[in-house]
Structure formats: structure tokens, C-alpha cells
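Written out below as C-alpha cells is the structure these notes cover.
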Amino acid sequence: GENVEQHPSTLSVQEGDSAVIKCTYSDSASNYFPWYKQELGKGPQLIIDIRSNVGEKKDQRIAVTLNKTAKHFSLHITETQPEDSAVYFCAASMGKLIFGAGTRLAVHP
Amino acid sequence: DVKVTQSSRYLVKRTGEKVFLECVQDMDHENMFWYRQDPGLGLRLIYFSYDVKMKEKGDIPEGYSVSREKKERFSLILESASTNQTSMYLCASNPSEGHMATSRLPRYFGPGTRLTVL
């Protein structure tokens, strides 16, 4: 079945730096790739998504890229701020959503 | 704003007890989900409901059942709680958008219920 691997498991950056989180998926039929942000004490929140017919999508300081050939996709956060600190989950779907294990991002002032 | 609420933030139960976790959404969404979240494992789907009284098993339904008697409420039931069901439980919802595959995927999550089974 589908498997999604996410790296790194923890990431620490200085405020203003960029952060990159990478995911790989196993099922080449996957066609939808959302990213969720989970702040402490809250449920996950969908922050950006990309479909398989698009290579890149941007929304202000966050962007997602997709390489279908290599079966990997990445989340890029530029000009990080302390409020970006959270756990980030990637996921891949071909009808059913499979989540990565999560990345705990810490942004230090 | 869409609101998904869960009845308890923290719950402590004993092995063998019957446990009810309640979830309510206020946006008339057809689709509702129950996930459990464990460190290093991400989120795993327990059950999905696409309409009142309709349900589908997810990836890990063993030891769980669900009830959807009203559109806004989706209940997760642990018939006989066990220690390996200690976890964070997340409810989610999403409106149906015609035949778009993404409508069957969770979009709006509740805050979670952290269940400890002793």
C-alpha cells in the first residue's frame, strides 16, 4: 500500500531563515498532496495543497514543490517567524489520505 | 469559520470500560472522520462517514465502532478500552463537493481528545 516518508523529524532554524521539509511517497498513482500545520494543543490545519498536474504552488511565505518522477514533494517556508513553530505533516492521496510521521519545526528568535 | 468540537480535551479511563468520544461540526458537512495520532506514526484513519448512518472502515478499525445518527455528530466508541488505545483522537470534517475526490479527505480538524487507558 501507499507509504509516505517525511524528513527531518525535527528542524530548528533561526528567525528569518528558510525551512524545508521533504516527503517521499510510494504509490505513483497518488494525485493530491496536502500539508497540515499542527500547533500545540490544536488539531491539524490545512495550510497548502498541490495536485499532480502542477509542479509548484506558492502562498505568501510558503510554497510546495512536486517532483512526480522522483515521487517526492517538499514544503518551503521562507523568512520564518516564531509563530511558524509547529508540527508539520505531509500527506499523499489516491482516494485515501496517507500521512507522514510529522516534522517538529522550532523557530528561534 | 468552520468549527469542529470534541467533547473532551483529556480523558482517563480504565481497561475494559466502554468509552464514547463525541464530535460535532456546525457547517452541515456530509463527510466526517476519526483519526488517531501517535508519535512517529502520523495520523491514521479509524473510520469515515459520508452521510447519516453511513460509514466506512479506515486503516485501523479494530477495537472501535462509530455512530452517525445526526449529520452534525459523529461518535467514536471503544467497546472495551485497552491500554494500546491510549492516544490522541482527532475528528475532522469536509463538505462533499460533487465527485471531487478531495471531498472525501479531511480538511477541518477538531482540537483532539487525549485518551489515557489505565
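Quick note: the coordinates plus some simple rules give every number you see, no bench work behind them. Remember, predicted model here, so these are calculated numbers, not experimental data. Positions of Cβ are generated from backbone atoms using ideal geometry, with glycine treated the same way; all protein chains shown enter the neighbour counts.
Some values worked out for this structure:
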{"item": "In nm, spacing of pseudo-spin labels at A:HIS76 and B:ARG9 (7 Å Cα→C-beta vector)", "result": "3.8 nm"}
{"item": "Base-10 log of normalised Debye intensity for chain A (one unit scatterer per alpha-carbon) at q = 0.22 Å⁻¹", "result": "-1.18"}
{"item": "For the protein assembly as shown, alpha-carbon Rg and Dmax in angstrom", "result": "17.6, 51"}
{"item": "Relative contact order [Cα under 8 Å, 6+ residues apart], chain A, whole percent", "result": "37 percent"}
{"item": "Evaluated over chain B, the Cα radius of gyration and Dmax, each in Å", "result": "13.5, 44"}
{"item": "32 Å Cα-Cα threshold exceeded, pairs from B:LYS3/B:LYS57; A:LYS42/B:LYS18; A:LYS22/B:LYS71; A:LYS57/B:LYS3; A:LYS37/B:LYS70; B:LYS3/B:LYS55", "result": "A:LYS22/B:LYS71"}
{"item": "Under the Karplus curve 6.51 cos²θ - 1.76 cosθ + 1.60, θ = phi - 60°, whole-Hz ³J(HN,Hα) for region A:36-41, x wherever Gly or Pro sits", "result": "10, 10, 10, 7, 4, x"}
{"item": "Loop-resident sites, region B:17-118, for trypsin sites (Lys or Arg not before Pro), counting at most 16 other Cβ within 10 Å (DSSP)", "result": "B:LYS18, B:LYS53, B:LYS71"}
{"item": "Size of electric dipole in the protein assembly as shown: Cβ of Lys, Arg +1 and of Asp, Glu -1, about Cα centre, debye, nearest 20", "result": "440 debye"}
{"item": "Beta bridges per DSSP with both ends in the protein assembly as shown, % antiparallel, nearest 5", "result": "90 percent"}
{"item": "Chain B - charge dipole about Cα centre, Lys and Arg +1 at Cβ, Asp and Glu -1, debye rounded to 20", "result": "280 debye"}
